[in-house]
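Asker: Pasting a structure below so you can have a look.
FYI, it's all coordinate maths here, none of it is from the lab. This one's a predicted model, so the numbers in the text were calculated from it and none came from an experiment. Ideal geometry is used to build each Cβ from the backbone, glycine not excepted, and the neighbour counts take in all protein chains shown.
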Amino acid sequence: MDFSWVKQLAEQSNQQELQRQEKERNAREDKRLAALATVPFVEKIFVLIQTCTDEFNKHCMFPNLRIVNSRLTKWSKTPDVPGAEPDEVAYFMFARTQYMYGIRGVNGLVEFVELPVTDTSSSLNMRLHELGIDASKTFEAELDPATRAIVWKMNGRPLDGPAIISTCQQYFSEFISRTNEDT
């Protein structure tokens with residue numbers, strides 16, 4: 001009796017398992033690269049919002065209308081365990097009157113959050129990444145399979161540089177409009 005067909009079945013199973021393992025390795029690597037893009041991306045958004053804040057404050061006649069920014073908090077931890085995912089976190093906040101807006105980035109997700117506050121100065125010391133606040137907007141890092149470059153997406157649609165800047169400017173404008181209502 002010929003059992004070569006059994007050997008073929010085993011070889012097919014081995015090949016499928018090798019492909020599955022390779023796919024998992026690639027997915028982990030893609031996720032790791034997307035996470036590593038978080039801190040530099042939030043740093044760029046911070047510079048944009050800080051510039052908007054400085055320009056706004058420069059033209060404010062009344063001190064109570066000025067915007068107060070937190071510093072950029074960031075850290076990057078690469079685990080010692082091979083294959084483990086890095087921990088990438090960056091966030092900052094800005095506040096005026098009774099509202100604080102913030103941008104937090106954690107492992108490939110950058111979220112825009114808003115919350116009412118009673119004390120602006122102490123609110124800027126919160127650990128934004130630990131708060132369970134729902135995001136109003138979310139950017140998600142994804143690795144383009146063709147180019148292996150990071151693409152930032154919002155609602156599943158890729159964003160280019162001008163669209164990202166426009167979204168951040170719109171967020172800043174919404175902040176001013178909302179806080180103008182409270183003054």
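Asker: Which value in Å does the Kirkwood hydrodynamic radius of segment 1-100 take, with 1/r averaged over all unlike C-alpha pairs and then inverted?
Answerer: Roughly 18.1 Å, rounded to one decimal.
Asker: Next question, about the same structure. Of Q98, V42, T138, which is farthest on the positive side of the dipole of the chain, counting Cα position, with +1 on Lys and Arg Cβ, -1 on Asp and Glu Cβ, and the Cα centre as origin?
Answerer: Result: Q98, furthest along the dipole toward the positive end.
Asker: Additional query: Going highest first, how would you order 2-8, 148-154 by mean Cβ packing within 10 Å? Spell out each step's value before the answer.
Answerer: Numbers: 2-8: 8.3, 148-154: 14.4.
Those peptides, ordered most packed to least, come out 148-154, 2-8.
Asker: Right, another one. Roughly how many debye, to the nearest 20, is the charge dipole of the chain about its Cα centre, given +1 on each Lys and Arg Cβ, -1 on each Asp and Glu Cβ, and no other charges? If you can, show how the numbers build up before the last one.
Answerer: Values: 21 positive and 26 negative charges, 73 e Å.
For the chain, the charge dipole is close to 360 debye.
Asker: Right, another one. Using C-alpha positions alone, give me the convex hull volume of the chain per residue in cubic angstrom.
Answerer: Details: hull volume 26.7 nm³, N = 183.
Once divided by residue count, the hull of the chain is 146 Å³.
Asker: Before rounding to the nearest 500, sum -39500 (n - 2.57) across all DSSP H runs of length at least 4 in the chain and divide by the residue total; then give [θ] at 222 nm in deg cm²/dmol.
Answerer: Per the formula, -15000 deg cm²/dmol.
Asker: Can you give the FRET efficiency for N26 and M154, using 1/(1 + (r/R0)^6), R0 = 25 Å, r = Cβ-Cβ distance, to the nearest 0.05?
Answerer: Plugging the Cβ-Cβ distance into 1/(1 + (r/R0)^6) gives 0.55.
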